[in-house]
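Trainee: I have a structure I would like to understand better, so I am pasting it below and will then ask my questions one at a time.
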Amino acid sequence: MSKFTRLGNDLYEGRVSVDFVGKRLVWFALSGVLMLVAVAALAVSGLNFGIEFVGGSEYKVTLPADKATQSLADDLRKDVADTGIEGAKSPVVTTAGESSILVQTEQLTDAENAEVVDTILETTGASQTDLQVSEIGASWGKEVAKRAITGVVVFLILVSLFIAIYFREWKMSVAALIALAHDILITIGVYSLSGFEVTPATVTGVLTILGFSLYDKVVVFDKVRENTRNLRQVRQTYRQAANLAVNQTLVRSINTSLVALLPVAGLLYVGAVQLGTGPLKDLALALFVGIAVGCYSSIFIAPPLLVMLKANEKDVMDAEKRAKARARAKKADPYAAVPSFSEDMPIQDEPGAERDDAPARRAPLVTTTKAPAAARRPETAGSGRVAPSAHGPVQESRSAGRVQPTRKPRSKRGKK
């Protein structure tokens, strides 16, 4: 843990840096591949909408508390699927409360409905009075879908306005929304590939990951704004300052996502493996994929997009020009950047000297032997530049040791 803490401090101080913004083409290519896979899955397989969206039949059987168990629900699911009815080949069977079991199928004819009822009564041992049959129309499902889409659109509009007002920068809103669309598309693609049902619980999970993903991006953008408030003073380009902001929030983003993913992974395991079906696994899958992809886009997608959108602004371009000018000056005269002496300069140790109060340092893992450096020519005092070499041998002056003549100023000549 101490090494991880030191790494976090080094990332925050800039001693260690990962070039997330500079390698943006790599991250964009990876995200492009993931989105293409998601689109292909949606085009080929589509989404497996639940009964709440497409309509169907629902059977609720009431049993004693000791019989309404998950084991009986699993047996009932198998028996209903074995009837050979097309609309009941993948029934959704869950326990409801302590004394009920729900069975959901697609729309069935009267004959198919009667056969499913007989199978339920035979498997559970319940009577006809303990069974309730409900028909859910597709129109109700369409209304649910319409309201869900309306809620998502209103949420995105409000969040866009909030980011634009808070940061006073509409380009941050655009970058955040593009990254958010990336998160939603990949999450929906995973649903299509997994075959999980899209239920109202799925819509709840998607709305939750929208908030979580945007929260992470707002934290990163807030640090970007802090680092880029005065580019001339910090002597950095916008790209360098934004990349520093991502490194400074990297450990926090990873820790927050891991803390959120661990309990969600537990819910996903219980819902998909232990229970086998139900709204729990639908909610957990949306949360798990959305949180993971949201963390990825907050680091690799949103900041590089923001840098690209800001590239043509005058302040950003001026900072780039100043950085190039400093690089050219440093290349032309490497000693020009050497600081001059001042009384308040911190005291530095001699190169290679060990401090008395410093702890013993571990030996490096790899040692290399370097050839001794050539002796440098003496530098002229205070100028920071190398003195030119002499054209010939330097000898002692013949006038050394004799009294040298002096010349008085014009105003004192002829006066005693």
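The values are calculated or read from the model by the stated rules, or taken from the named source; none is laboratory data. These numbers were taken from a predicted model, which means no experiment stands behind them. A quick note on method: Cβ atoms are made from the backbone with ideal geometry, for glycine too, and the neighbour counts reach across all protein chains shown.
So that you can scan it fast, the table gives a plain yes or no per residue for (1) buried (at least 20 other Cβ atoms within 10 Å of the Cβ); (2) among the charged types (D, E, K, R); (3) in contact (Cβ under 8 Å) with a residue 40 or more places away in the chain; (4) assigned to a helix (DSSP H, G or I):
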{"site": "F53", "(1), (2), (3), (4)": "yes, no, yes, yes"}
{"site": "S57", "(1), (2), (3), (4)": "yes, no, yes, no"}
{"site": "S71", "(1), (2), (3), (4)": "no, no, no, yes"}
{"site": "D75", "(1), (2), (3), (4)": "no, yes, yes, yes"}
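Trainee: Return the residues of the range 100-135 that are in a loop (DSSP other than H, G, I, E, B) and not acidic (D, E); say none if nothing qualifies. Spell out the reasoning first.
Mentor: First pass over the range 100-135, keeping only residues in a loop (DSSP other than H, G, I, E, B): 106-109, 125-127.
Within the range 100-135, Q107, L108, T109, G125, A126, S127 meet the criteria.
Trainee: Can you name the number of the only condition in (1) modelled with pLDDT of 85 or more; (2) surrounded by fewer than 23 Cβ atoms within 10 Å (Cβ to Cβ) that V273 fails?
Mentor: Going through the list (1) modelled with pLDDT of 85 or more; (2) surrounded by fewer than 23 Cβ atoms within 10 Å (Cβ to Cβ), V273 breaks only (1).
Trainee: Sticking with this one: If V37 satisfies all but one of (1) within 23 Å of Y191 (Cβ to Cβ); (2) in a loop (DSSP other than H, G, I, E, B); (3) not acidic (D, E), what's the number of the condition it fails?
Mentor: Only one criterion in (1) within 23 Å of Y191 (Cβ to Cβ); (2) in a loop (DSSP other than H, G, I, E, B); (3) not acidic (D, E) is unmet by V37, namely (2).
Trainee: A follow-up question, please. Yes or no: T199 in contact with an Asp or Glu (Cβ under 9 Å, 6 or more places away or on another chain) and closer than 26 Å to L42 by Cβ? I'd like the intermediate steps shown before the answer.
Mentor: Working: in contact with an Asp or Glu (Cβ under 9 Å, 6 or more places away or on another chain): yes; closer than 26 Å to L42 by Cβ: yes.
Spelling it out, T199 is indeed in contact with an Asp or Glu (Cβ under 9 Å, 6 or more places away or on another chain) and closer than 26 Å to L42 by Cβ.
Trainee: In the range 31-47, what count of residues is obtained for those that are in contact with a helix residue (DSSP H, G or I) (Cβ under 8 Å, 6 or more places away or on another chain) and either over 27 Å from T199 (Cα atoms) or not hydrophobic (A, V, I, L, M, F, W, C) (or both)?
Mentor: Adding up the residues that qualify gives 3.
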